[in-house]
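J.: The structure's right below; bear with me while I get my questions together.
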Amino acid sequence: MTVLLVGADRLGNIPKELEQHGCTEVIHWPGRKPQCKKIPVSVDMVLVFHDFINHRLMDDVKSQARRRRLPILFSKRGVADMKNVLAANLHKK
């Protein structure tokens, strides 16, 4: 599964944690500058760090993800919060 991480300047241990949840590739877009990019076709899920993102970028990413019907998760940048969000959303099935 390929995950697009939007927000945060540095990822720290986040990619390692995502690997434990089945993520094979991580694409990172920093969230401070409002970049209008298209979500790559290979992306299976979007994870937004809502405390480190420009509002315009967040709106753009949300609308793209909804149009493509991609799951979009929102978390604080901390690993503990991200673990809770992933556990609640990825392991529902």
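Computed from the coordinates by the stated procedures, all read-outs in this text should not be read as laboratory data. On a predicted model such as this, the values are computed, not experimentally measured, just so you know. Glycine also receives a Cβ, built like all others from the backbone with ideal geometry; neighbour counts cover every protein chain displayed.
J.: Tell me, what is the Rg over Rh of region 8-83, with Rh the Kirkwood radius over Cα pairs?
T.: 0.92
J.: Could you pull out every residue, at least 5 positions away or on a different chain, whose amide H is within less than 5 Å of the one on His28? Hs are placed 1.01 Å off N in the peptide plane, and Pro or chain starts have none.
T.: Leu5
J.: Now, a different point. When ranked by the protection proxy of mean other Cβ atoms within 10 Å per residue, highest first, what sequence do the peptides 15-26, 39-50 form?
T.: 39-50, 15-26
J.: If you don't mind, there's one more thing I want to ask. Which entries of Lys16/Lys83; Lys33/Lys76; Lys38/Lys83 have Cα-Cα distances beyond 21 Å here?
T.: Checking Cα-Cα distances, Lys38/Lys83 exceed 21 Å.
J.: With only Lys, Arg, Asp and Glu charged, each at its Cβ (+1 for the first two, -1 for the last two), find how big the charge dipole of the chain is about the Cα centre; round to the nearest 20 debye.
T.: 320
J.: Taking Cα pairs under 8 Å and at least six residues apart, what relative contact order does region 2-90 come out at, in percent?
T.: 33
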